[in-house]
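*Asks:* Could you have a look at this structure, given as structure tokens, before my questions?
Where a number appears in this text, it was derived from the coordinates with a stated rule and is not lab data. None of the values given here were measured: they were computed from a predicted structure. Glycine also receives a Cβ, built like all others from the backbone with ideal geometry; neighbour counts cover every protein chain displayed.
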Amino acid sequence: MASDAAITTSAPGSLMLLGEHAVLHGKHALVCAINRRITIRLFPSLDNTVKIVSDLGNYQSPLDDLVDHPSFRFVLQAIRQQIQHVPRGFKLKIDSE
């Protein structure tokens with residue numbers, strides 16, 4: 001996060017038609033994109049706090065001591081995996097259709 005500009009990314013939703021469990025064993029699956037999207041906006045902050053705003057609720061915790069939250073388990077795990085690249089706190093705004 002070299003600048004203070006917001007970072008925005010978006011991805012289409014997907015639907016797994018066949019092979020949901022097969023992919024866990026290295027096999028093929030049939031997946032298609034659907035006409036729904038998830039958009040995530042990251043706003044750098046000046047403090048050491050992580051804030052998440054989503055339809056699932058709101059979350060706030062110090063970056064260096066992330067508190068688990070059942071609604072944001074996947075997001076928090078992704079943050080923990082990249083923590084060495086995160087110099088300071090931020091707000092994540094998650095919008096899904």
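*Asks:* Arranged from highest to lowest average of other beta-carbon atoms within 10 Å per residue, in what order do the peptides 35-42, 23-30, 72-79 appear? Don't skip to the answer; put the middle values down first.
*Replies:* Numbers: 35-42: 13.2, 23-30: 9.5, 72-79: 14.8.
By packing density, highest mean first, the sequence is 72-79, 35-42, 23-30.
*Asks:* Taking the Cα centre of each part, how many Å lie between the range 74-95 and the range 25-70?
*Replies:* Value for the Cα centre distance between the two parts: 8 Å.
*Asks:* Which of rounded, prolate or oblate describes the chain when judged by the alpha-carbon gyration tensor and an a/c cut-off of 1.5? Could you put the intermediate results ahead of the total?
*Replies:* Values: a/c = 2.22, a/b = 1.82, b/c = 1.22.
Prolate, since a/c reaches 1.5 and a/b exceeds b/c.
*Asks:* Ok, one more. Considering Cα pairs under 8 angstrom that are at least six residues apart, work out the relative contact order of the chain and quote it in whole percent.
*Replies:* 32 percent
*Asks:* Out of residues 5 or more away from VAL31 or on other chains, whose amide H comes under 5 Å of its own, with H placed 1.01 Å from N in the peptide plane?
*Replies:* Here the answer is LEU17, since their amide H atoms fall under 5 Å of that of VAL31.
*Asks:* Label-point separation (nm) for ARG80 and GLU97, each offset 7 Å from Cα along Cα-to-Cβ?
*Replies:* Each label point is offset 7 Å from its Cα along the Cβ direction, giving 3.3 nm.
*Asks:* Moving to a separate point now. Taking 7 Å along the Cα-to-C-beta vector as the label spot, tell me the ASP4-SER45 distance in nanometres, rounded to one decimal.
*Replies:* Calculated label separation equals 1.5 nm.
*Asks:* Still on this structure, I have one more. Could you give each residue of the range 86-97 its phi-based ³J(HN,Hα) in whole Hz, using Karplus coefficients 6.51, -1.76, 1.60 with θ = phi - 60°, and x for Gly or Pro?
*Replies:* Taking θ as phi minus 60°, the curve returns 10, x, 7, x, 6, 10, 9, 10, 10, 10, 10, 8 Hz for the range 86-97.
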